[in-house]
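Below is one structure, written out as structure tokens; comments come after it.
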């Protein structure tokens, strides 16, 4: 079953993040789609050190952005995201979904929207979980329990997306949000609030995560 971040959820938007006009000063370089692959990893056996700052730096053909990981609220998902990054799981993968003004989604090396690392984690989301501009959360299917995380993640490009607290939040973009917003403009359209799994959600050009790395301080 395809992993879709907002399947069958009525999603209301309050404003849009980053605007819907592409900056004339920045464009994504044209790249060929990397070969799809299937990869399995092992779930991490320990959570992250709460005293350490974990930044995941993702370099794409549209620019580089940095995700500050939150190791406390969803500890299993956060540890998994960092572990997958360190294993090179996200390298040479693409953004599979772009819904302008809503979200961008990546993290599937099969490029089908159905791939994953061979395991999942679960962190029960708190009732007050908020999906604001730049929040990075883990996608799940409608049949999986709230807080389930594999490898597919989405970044919110809306100013504030009113989603039910069903998605594990691993962090927030703290640098390069303009890059994320640029990627967010490369979609064909949106059919929200119905099922977000149609061809209109495919990016209008290849957006590749060329390399992702973890920086700790």
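Overview of values
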{"quantity": "Options 85, 96, 121: the member that is crowded, with 16+ Cβ neighbours inside 10 Å and touching a helix residue (DSSP H, G or I) at 6+ places or on another chain (Cβ under 8 Å)", "calculated": "121"}
{"quantity": "Qualifying strands (runs of 3 or more DSSP E) (wholly inside segment 136-217; at least 3 residues being closer than 17 Å to residue 81 by Cα and at pLDDT 90 or above)", "calculated": "153-156, 169-175, 208-216"}
{"quantity": "Among (1) within 14 Å of the chain's Cα centre (by Cα); (2) surrounded by fewer than 22 Cβ atoms within 10 Å (Cβ to Cβ), the one test that residue 145 misses", "calculated": "(1)"}
{"quantity": "Residue 48 surrounded by 17 or more Cβ atoms within 10 Å (Cβ to Cβ), part of a loop (DSSP other than H, G, I, E, B) and modelled with pLDDT of 95 or more", "calculated": "yes"}
{"quantity": "Among (1) over 28 Å from residue 185 (Cα atoms); (2) at pLDDT below 95; (3) surrounded by fewer than 17 Cβ atoms within 10 Å (Cβ to Cβ), the one test that residue 114 misses", "calculated": "(1)"}
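The values are calculated or read from the model by the stated rules, or taken from the named source; none is laboratory data. As the structure is a prediction and not an experimental result, all values here were calculated from the model. Using ideal geometry, Cβ is built from the backbone for each residue, glycine included, and neighbour counts are taken over all protein chains shown.
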